[in-house]
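Before any comments, here is the structure.
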Amino acid sequence: MLKYEGTKYKEMMKNYVNEHRDYKGDVMETEQHKRRVRYSGTHPRSYKEKYKEHQPEKYADTISKVIAKGSTPAGMHISIMVKEILDFLNIQPGQTGLDATLGYGGHTKEMLKCLNGQGHIYALDVDPIESAKTRERLEKSGFSSDILTVKLMNFRDVDQLVQETGKFDFILADLGVSSMQIDNPDRGFSYKAAGPLDLRMNPQKGISAAERLKGIEFEELAGMLIENADEPYAEEIAEVVIRKQRQGEEIMQTTDLQKVIEEALSFLPKGEQKEAVKKSCQRTFQALRIDVNQEYEVLYEFLEKLPHVLNSGGRAAILTFHSGEDRLVKKSFKEFYKVGEYEAICKDVIRPSAEECVKNGRARSTKMRWAIKA
């Protein structure tokens, strides 16, 4: 019986092949079915295993469930303070605007809707990987090049852009790192997943955080951690980093730096170590990210040029996510207000609602400031 079934199977396959030959006598190629990547356990854990979250247009129910839990789906970014931004910018059809930090494009999309098909928005980003994805996503949503122009450009060069576009009626700059960058272990923005210690917004330019740490001096590293992140254990962390370097141990992976911080804080009481290491990891990665991307220098240049690229009555809103950024924005707005470049600036910082913070934990540290061109 087994022999008969085997022979019958071979004959069936032979007939199938003959039926699917093309006119040259070759077997026609058929598309092979690709199985999804299997994961251990009942739920996907790693970034790449979360295949449903990477396809929001196909798995809307999954995306809704993840967001309802207060989490951000892998490969996505939830825009922060959308209502507050739109209320202030008061975008009108026919206006020309700038999203200085395109990211996932959530803010851009909402601003485009306000134009109602009339006007134009220019959007800038230095990340060649994510900006290409965002451009395609917005085009599929109906926002073609006649109303949206995406440029691979650093917003510090806004003065060069305005020579091509003319001045703007509204400008938004969201200074936060996009969730799809943070969550992707290949980008090295988070200590929570193993990956290369890179931290560059544009991985094609500059040097990685791992390269930056090579040969760095104690005073420089400690100063960086204090200035960029107010790290209370800056000297302890810098000391271990320098010792590792002298011993020939390279800090190339995110997990390597995490272990360095764990060792540096090992003097703390056992009950305090876990939380202290977590916070120091967050601050240290922030400090390195700011350094390798020259974020303070870029922001300072942008703020110096901002009033000169706005039309009279033009509005600018900026979202910041840590005290260093907010101090720069606050100081710049005040100085230009005093000399009459701005007719009005916000007196008090605007924060996201408690409801938004519950839905999106990454909104908690957000501060919004605004200015209106005289």
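The values are calculated or read from the model by the stated rules, or taken from the named source; none is laboratory data. The model shown is predicted, which means the values in this text are computed figures rather than measured ones. FYI the Cβ positions are ideal-geometry reconstructions off the backbone, even for glycines, and counts take in every protein chain you see. Please note that ligands, DNA and RNA were not included when accessible areas were found on the heavy atoms of the full protein model with its side chains. Shrake-Rupley method; radii C 1.70, N 1.55, O 1.52, S 1.80 Å.
Which links in LYS83/LYS140; LYS151/LYS330; LYS205/LYS359 stretch past 30 Å when you go from one Cα to the other?
Those over the limit are LYS205/LYS359.
With all protein chains present, how much of the accessible area of the stretch 300-357 (probe radius 1.4 Å) comes from carbon and sulfur, to the nearest whole percent? Before the final figure, lay out the partial values.
Values: 1470 of 2960 Å².
Carbon-and-sulfur percentage of accessible area, whole number: 50.
What is the sum of charges, Lys and Arg at +1 and Asp and Glu at -1, for the other residues whose Cβ falls under 15 Å from the Cβ of CYS114?
Details: positive: LYS83, LYS109, LYS113, ARG315; negative: GLU84, ASP87, ASP99, GLU110, ASP169.
Summing Lys/Arg as +1 and Asp/Glu as -1 gives -1.
With every protein chain left in place, what is the accessible area per residue of the stretch 309-348 in square angstrom, probe 1.4 Å?
It amounts to 50 Å² per residue over the stretch 309-348.
Please list, or write none, the aspartates and glutamates whose alpha carbon is within less than 15 Å of the alpha carbon of LYS113, excluding same-chain residues fewer than 8 places away.
In chain and number order, the partners are ASP87, ASP99, GLU139, ASP146.
Quick one: net charge of PRO307's neighbours, Cβ under 11 Å, K/R +1, D/E -1?
So the environment of PRO307 carries a net charge of -1.
Quick one: net charge around ASP256, please, counting Lys, Arg +1 and Asp, Glu -1 for every other residue with C-beta under 12 Å from its C-beta. Before the final figure, lay out each step's value.
Working: positive: LYS244, LYS259; negative: GLU249, GLU250, GLU262, GLU263.
Spelling it out: positives minus negatives among the neighbours equals -2.
Show which aspartates and glutamates lie in cross-link reach of LYS244 when reach means a straight Cα distance below 12 angstrom and same-chain residues fewer than eight apart are skipped.
Leaving aside aspartates and glutamates fewer than 8 places away in the same chain, those within reach of LYS244 are ASP256, GLU263.
Enumerate the amide H contacts of ARG200 below 5 Å, restricted to partners 5 or more residues apart or on another chain; note that Pro and chain-start residues carry no placed amide H.
Counting only residues 5 or more places away or on other chains, the set is ALA209.
From the phi of every residue in the stretch 328-340, what ³J(HN,Hα) in whole Hz does the Karplus formula 6.51 cos²θ - 1.76 cosθ + 1.60 yield, where θ is phi - 60° and glycine or proline is x?
5, 5, 4, 5, 5, 4, 5, 5, 6, 5, 4, 8, x
With the full set of protein chains in place, find how many percent of the accessible area of the stretch 125-188 is carbon and sulfur; take the probe as 1.4 Å.
44 percent
Ordering MET224, MET153 from largest to smallest accessible area (1.4 angstrom probe), what's the sequence?
Of MET224, MET153, the descending order of accessible area is MET153, MET224.
If DNA, RNA and ligands are ignored and the probe is 1.4 Å, what is the ranking of THR134, THR96 by accessible area, most exposed first?
THR96, THR134
For a quick check: with amide H placed at 1.01 Å from N, whose amide H comes under 5 Å from TYR342's, ignoring anything fewer than 5 positions away on the same chain?
Amide H to amide H, under 5 Å and 5 or more residues apart or across chains, TYR342 pairs with TYR337, ALA374.
Which residues' amide hydrogens lie under 5 Å from the amide hydrogen of GLY195, considering only partners 5 or more residues apart or on another chain, with H built in the peptide plane?
THR254, THR255
Given the peptides 281-291, 336-346, arrange them by the average over their residues of other C-beta atoms within 10 Å, most packed first.
Ranking the peptides 281-291, 336-346 by packing returns 281-291, 336-346.
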